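Data first, discussion second: the structure below is written as structure tokens.
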Amino acid sequence: MEKTEKKPGKYNNARKQAAKMANATKVQKDGMVFHEYPDYETYKKVQTVGNKAKIGLQHVQESHIKALSTYLNDAYGKVGFGLCHGTRRGLEQTWFRDHLNGKPEVIGTEISDTATEFPHTVQWDFHDENPEWEGKADFVYSNSWDHSFDPRRAFRTWAGMLKPGGMLILDHCKGHEPKGANALDPFGATYDALRGFIDTELADLGSVVDEIDRSDDPDYKARVLVFKRAA
Ligand SMILES: C[S@@+](CC[C@H](N)C(=O)[O-])C[C@H]1O[C@@H](n2cnc3c(N)ncnc32)[C@H](O)[C@@H]1O
């Protein structure tokens, strides 16, 4: 998922390079596409090389993070701690810090070793649980779920990081559709398939409570799925 219209060369080159390196197997199922890598090291290498090839690009825009911050401010009044997953340049956590009430701590994860170059960013694979974050977050946000090699594991890990009543916020853009999936963005799903997947795989942890329609934003068109952890 990327702003292909602005940087088609960089995006296409990174995708071709990933396809060569990954030797991934594509599996299609119920409105979803998955790519299986030969091993974890290959996945990590493909993601890191892709991150470096596209290090100058930015997908989510401040207008969108501002709108999500308003949503969270309205829901909670004040936010204490938030996590963003797959953040590359660290901008979404910086914007959440600027627009959320209460000057919260907002941290981003990034699998690539470039993480250390960007503010409030930790080098961390978002599939992995982190005891320091377990049950602590008022919200978890991502537009990078399409980079998951195991979306069930990623989504369950993220839901586990929420406080009771905390929200998991997932953007769904055009590039997240099944036809956008490839060796670099291994998971694709229609909005309805994503919703069905979350309903099924996270049923014991909470439920989908909202969809925020931001398809009119000229800078970043998205439908936003909101899952709430049971209190
Ligand atoms: C499409 S980019 C989106 C970056 C940013 N959110 C934006 O809107 O521009 C996806 C990012 O997720 C990172 N990523 C991929 N797999 C990851 C993983 N398992 N854990 C953490 N970050 C990951 C990639 O390196 C890349 O920087």
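Amide H neighbours of R214 under 5 Å, at least 5 residues apart or on other chains, H built in the peptide plane: list them.
Close amide H contacts, sequence-distant or interchain: A222, R223, V224.
Where does the charge balance sit around I212 when Lys and Arg score +1, Asp and Glu -1, over other residues with C-beta under 14 Å from its C-beta?
-1
What FRET efficiency comes out for R152 versus T70 if R0 is 30 angstrom and r is the Cβ-Cβ distance? Round to the nearest 0.05.
Efficiency, rounded to the nearest 0.05: 0.45.
Filter the cross-link list K29/K163; K16/K228; K16/K174; K26/K52; K52/K136; K16/K44 down to pairs whose alpha-carbon distance in this structure exceeds 27 Å.
Those over the limit are K29/K163; K16/K228; K52/K136.
Using a probe of 1.4 angstrom, how much of the accessible area of the chain is carbon and sulfur, in percent? Provide the component values of the computation, followed by the final result.
Values: 4910 of 10290 Å².
That share works out to 48 percent.
What is the local net charge at E105, summed over the other residues whose Cβ is closer than 12 Å to its Cβ (Lys, Arg +1; Asp, Glu -1)?
Spelling it out: positives minus negatives among the neighbours equals +1.
If I build a Gaussian network model for the chain, linking alpha-carbon pairs within less than 10 angstrom, which residue out of S148, S215, S69 has the largest mean-square fluctuation?
S215
Determine the calculated [θ] at 222 nm for the chain from helices alone, applying -39500 (n - 2.57) to every DSSP H run no shorter than 4 residues and normalising by the residue count; nearest 500 deg cm²/dmol.
The helix-only estimate for the chain comes to -10000 deg cm²/dmol at 222 nm.
Based on a Kirkwood Rh over C-alpha pairs, give the Stokes-Einstein translational diffusion coefficient of the range 8-229 at 37 °C and viscosity 0.692 mPa s in µm²/s.
189 µm²/s
Per 0.36 nm of contour for each residue apart, how much would the distance between Q123 and N12 grow if the chain were fully extended, relative to their Cα-Cα spacing?
Taking Q123 through N12 to full extension adds about 37.4 nm, to one decimal.
Amide H neighbours of G206 under 5 Å, counting only residues 5+ apart in sequence or on other chains, H built in-plane at 1.01 Å?
A230
Which whole-number percentage describes the relative contact order of the range 8-229, with Cα contacts under 8 Å and a sequence gap of 6 or more?
20 percent
Positive end of the charge dipole of the range 8-229 (Lys, Arg +1 and Asp, Glu -1 on Cβ, about the Cα centre): tell me which of I111, G86, Y11 has its Cα farthest that way.
So the residue we want is Y11.
Roughly speaking, what is the centre-to-centre gap between the range 35-91 and the range 115-171 when only Cα atoms are used, to the nearest Å?
Between the Cα centre of the range 35-91 and that of the range 115-171, the gap is 9 Å.
Would any residue of the range 76-100 have its amide N under 19 Å from a label point 7 Å out along Cα→Cβ of A231? List them or say none.
Within reach of a label on A231, which here means backbone N under 19 Å from a point 7 Å along Cα→Cβ, the range 76-100 contributes 76-81.
Roughly how far apart, in whole Å, are the Cα centres of the range 7-31 and the range 97-114?
28 Å
The values are calculated or read from the model by the stated rules, or taken from the named source; none is laboratory data. Fair warning: this is a prediction, and the values are worked out from it, not measured in the lab. No Cβ is skipped: glycine too gets one built from the backbone with ideal geometry, and neighbour counts run over all protein chains shown. Areas reflect the complete protein model, heavy atoms only, side chains present, ligands, DNA and RNA absent. Shrake-Rupley method; radii C 1.70, N 1.55, O 1.52, S 1.80 Å.
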